[in-house]
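Asks: Structure in structure tokens, see below.
The values are calculated or read from the model by the stated rules, or taken from the named source; none is laboratory data. Nothing here was measured: the structure is a model prediction, and the numbers come from that model. When we count neighbours, we look across all protein chains shown, and the Cβ atoms used for this are built from the backbone with ideal geometry, even at glycine. In case anyone asks, the SASA skips ligands and DNA or RNA and just uses the protein heavy atoms, side chains included. Shrake-Rupley method; radii C 1.70, N 1.55, O 1.52, S 1.80 Å.
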Amino acid sequence: MLLRLTILPGDGIGLEVIEHAVLVLQAVADTFGHQVQLQYKNIGGAALTAANDPLPAETIQACLSSSAILLGAVGSPAFDQNPGHLRPEAGLLRLRRELGAYANLRPAVCFSALEDSSPLRGDLVRGTDMMIVRELLGGLYFGEPRSINGANGSRVAVNTMTYDEPAIERIARVAFELAMKRRKKVLSVDKANVLECSRLWREVVTRCAKQYPGVQLSHMYVDSAAMVLVQRPRDFDVVLTENMFGDILSDQAGGVVGSLGLLASASVGGPVGLYEPVHGSAPDIAGKGIANPLGAILTVAMLLRYSFQLETEAACIERAVNSTLDLGFRTADLARGTSPVSTSAMGRKVVEEVKKIGSSIGRKSA
Ligand code: NAD
């Protein structure tokens, strides 16, 4: 198969983790006989520096003409004082909207080798395996009006949370469909005791559930969900929620399973899928060669699974990550008292394991 991808490394550790994610992609492609065609484009701070636009037209065109997009992360303190539309994050929000990527799938799994890397007790996190389904094109991040107005000292800031029934229904369907292939449980997270958006959300999700009688639906307020996520993370299967709640809960899920640097994501629903690790550009560790590349590497597995239906190749990457962790490789975010390896050493080991596992799969199927 020909895999035509646009690569958007972005900013900070985005560049460092994407370098290794691409090496893993190349290793899988070589092992399984696929051809990879890559074009690199700027987004976020890198694009602001090059063209004073966080999402240049050239980048959008490249993305829309490829089969899938792999993105690192955007964000840099250098642009903190810029107006909203000239911040790196504005480029990513625009890209998601241009792509119509309304469903953000964020799995959080506790690898058995990492039970002791979680700040929670090993017996609490063991077996954690959830899929957070975050609505990606609505809510506060996109709602209009939005502004900061007035004279210094008495300025007023406005953001708007909006959801309509079709937007809730289409994301709910994604969650129910995924649940059918998993443990058949959907937990819908909202704030229906306070917010109108959440009351409509709950009503529409409940109505949609009637078409999935095999799936058990429950509801929880987001504050309560945040608490249960650290008390009983294993209870979660598919978690369905709106844009901002999903953003927050998935970072928390990263903490629960050991590190935000482990989490992958897929933003789908439009004609071209966008794949990005959950973490940001991490300016505090950028340039040090210590970032965990596993979230970005696992993102490649999601890309192969969801955009190319290459399940064996995706599973090969996941097994390679598992065995790298089983062998004791830990970047600084995961090292608890053991000496950490660099981003490159972790990436190289996964490539080695991909080749080993891939060729054993090849031998079995021959
Ligand atoms: P962040 O995710 O960049 O970092 C949060 C913490 O997690 C930091 O301590 C960081 O060192 C650590 N961390 C994150 N990824 C890691 C990895 N792979 N390995 C090891 N440690 C890792 O979030 P932040 O600090 O709140 O934001 C930094 C910048 O990133 C901001 O400009 C923000 O807007 C942007 N951001 C971008 C995205 C995205 O591109 N999708 C997502 C979140 C934040």
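Asks: Where the second residue is open to solvent by 30 Å² or more (accessible area, probe 1.4 Å) and within 10 Å of the ligand (Cβ to nearest atom) and the first is within 13 Å of Gly295 (Cα to Cα) and part of a loop (DSSP other than H, G, I, E, B) and lies in region 249-260, which pairs have Cβ atoms under 7 Å and are six or more apart or on separate chains?
Replies: Between residues of region 249-260 that are within 13 Å of Gly295 (Cα to Cα) and part of a loop (DSSP other than H, G, I, E, B) and residues that are open to solvent by 30 Å² or more (accessible area, probe 1.4 Å) and within 10 Å of the ligand (Cβ to nearest atom), the close pairs are Ser259/Asp333.
Asks: From the list Val278, Val354, Val321, which residue is touching a residue at least 40 places away in the same chain (Cβ under 8 Å), farther than 25 Å from Asp251 by Cα and not hydroxyl-bearing (Ser, Thr, Tyr)? Before you say what the answer is, go through the steps one by one.
Replies: Values: Val278 fails: farther than 25 Å from Asp251 by Cα; Val321 fails: farther than 25 Å from Asp251 by Cα.
Val354 is the lone residue from the list that is touching a residue at least 40 places away in the same chain (Cβ under 8 Å), farther than 25 Å from Asp251 by Cα and not hydroxyl-bearing (Ser, Thr, Tyr).
Asks: Of all residues in region 322-343, count the ones that are open to solvent by 20 Å² or more (accessible area, probe 1.4 Å), more than 13 Å from the ligand (Cβ to nearest atom), at pLDDT 95 or above and of a type in the set (Ser, Thr, Tyr).
Replies: 1
Asks: Still on this structure, please answer the following. Scan region 64-81 residue by residue and report those that are open to solvent by 50 Å² or more (accessible area, probe 1.4 Å) and in a loop (DSSP other than H, G, I, E, B). Please lay out each step first, then the result.
Replies: So the first thing to find is which residues in region 64-81 are open to solvent by 50 Å² or more (accessible area, probe 1.4 Å), and the list is 64-65, 77-78, 80-81.
Once the filter is applied, which keeps residues that are open to solvent by 50 Å² or more (accessible area, probe 1.4 Å) and in a loop (DSSP other than H, G, I, E, B), region 64-81 yields Ser65, Asp80, Gln81.
Asks: Let me ask something else. Is it the case that region 296-315 has a residue that's within 13 Å of the ligand (Cβ to nearest atom), over 12 Å from the mean Cα position of the chain (by Cα) and surrounded by 22 or more Cβ atoms within 10 Å (Cβ to Cβ)? Break it down into steps so the answer makes sense when it comes.
Replies: Step one: of region 296-315, the residues within 13 Å of the ligand (Cβ to nearest atom) are 296-299.
Retained after the next criterion (residues that are over 12 Å from the mean Cα position of the chain (by Cα)): none.
Looking for residues that are within 13 Å of the ligand (Cβ to nearest atom), over 12 Å from the mean Cα position of the chain (by Cα) and surrounded by 22 or more Cβ atoms within 10 Å (Cβ to Cβ), one finds none in region 296-315, hence no.
Asks: Within region 40-53, how many residues are away from the ligand (no atom under 11 Å from the Cβ) and not in a helix (DSSP H, G or I)? Let's see the steps before the verdict.
Replies: First, the residues of region 40-53 that are away from the ligand (no atom under 11 Å from the Cβ): 40-42, 46-53.
Those left that are additionally not in a helix (DSSP H, G or I): 40-42, 52-53.
Within region 40-53, residues that are away from the ligand (no atom under 11 Å from the Cβ) and not in a helix (DSSP H, G or I) number 5.
Asks: Still on this model: Here is a check on your reading of the model: is Leu23 open to solvent by 10 Å² or more (accessible area, probe 1.4 Å), touching a residue at least 60 places away in the same chain (Cβ under 8 Å) and assigned to a helix (DSSP H, G or I)?
Replies: Details: open to solvent by 10 Å² or more (accessible area, probe 1.4 Å): yes; touching a residue at least 60 places away in the same chain (Cβ under 8 Å): yes; assigned to a helix (DSSP H, G or I): yes.
Yes: the conditions hold for Leu23.
Asks: Quick one: which strands (runs of 3 or more DSSP E) sit completely within region 115-182 and have at least 2 residues that are touching a residue at least 40 places away in the same chain (Cβ under 8 Å) and not assigned by TED's automatic domain parsing to the domain that holds Asp326?
Replies: On the way: elements: 129-135, 147-149, 156-158.
Correct list: 129-135.
Asks: How about region 147-169: which of its residues are closer than 22 Å to Cys197 by Cα and open to solvent by less than 70 Å² (accessible area, probe 1.4 Å)?
Replies: Listed by number, the residues that qualify are Ser147, Val158, Thr160, Met161, Tyr163, Ala167, Ile168, Glu169.
Asks: Of the residues Ala253, Ala286, Ala264, Ala282, only one is within 23 Å of Leu93 (Cβ to Cβ), more than 17 Å from the chain's Cα centre (by Cα) and within 15 Å of the ligand (Cβ to nearest atom); which? Lay out the reasoning, then the answer.
Replies: Values: Ala253 fails: more than 17 Å from the chain's Cα centre (by Cα); Ala264 fails: more than 17 Å from the chain's Cα centre (by Cα); Ala282 fails: more than 17 Å from the chain's Cα centre (by Cα).
After applying the criteria, what remains is Ala286.
Asks: Please verify whether Ala253 is within 24 Å of Arg121 (Cβ to Cβ), in contact with a Leu (Cβ under 7 Å, 6 or more places away or on another chain) and open to solvent by less than 60 Å² (accessible area, probe 1.4 Å), treating the condition exactly as stated.
Replies: So Ala253 passes the test.
Asks: Of the residues Gly100, Gly127, Gly143, Gly139, which single one is surrounded by fewer than 20 Cβ atoms within 10 Å (Cβ to Cβ), closer than 30 Å to Gln81 by Cβ and modelled with pLDDT of 95 or more? Steps first, answer last, please.
Replies: Values: Gly100 fails: closer than 30 Å to Gln81 by Cβ; Gly127 fails: closer than 30 Å to Gln81 by Cβ; Gly139 fails: surrounded by fewer than 20 Cβ atoms within 10 Å (Cβ to Cβ).
Of Gly100, Gly127, Gly143, Gly139, the one residue that is surrounded by fewer than 20 Cβ atoms within 10 Å (Cβ to Cβ), closer than 30 Å to Gln81 by Cβ and modelled with pLDDT of 95 or more is Gly143.
Asks: Leu3 is checked against (1) closer than 20 Å to Leu64 by Cβ; (2) open to solvent by 50 Å² or more (accessible area, probe 1.4 Å) and fails just one. What number does that condition carry?
Replies: The single condition Leu3 does not satisfy is (2).
Asks: Select, from Ser188, Ser218, Ser198, the only residue that is over 22 Å from Val109 (Cα atoms) and either open to solvent by 50 Å² or more (accessible area, probe 1.4 Å) or not in a loop (DSSP other than H, G, I, E, B) (or both).
Replies: On the way: Ser188 fails: over 22 Å from Val109 (Cα atoms); Ser218 fails: over 22 Å from Val109 (Cα atoms).
Step by step, each of Ser188, Ser218, Ser198 is checked, and only Ser198 is over 22 Å from Val109 (Cα atoms) and either open to solvent by 50 Å² or more (accessible area, probe 1.4 Å) or not in a loop (DSSP other than H, G, I, E, B) (or both).
Asks: Of the numbered conditions (1) farther than 30 Å from Leu124 by Cα; (2) open to solvent by 20 Å² or more (accessible area, probe 1.4 Å), Val204 fails exactly one; give the number of that condition.
Replies: So Val204 meets the others, but not (2).
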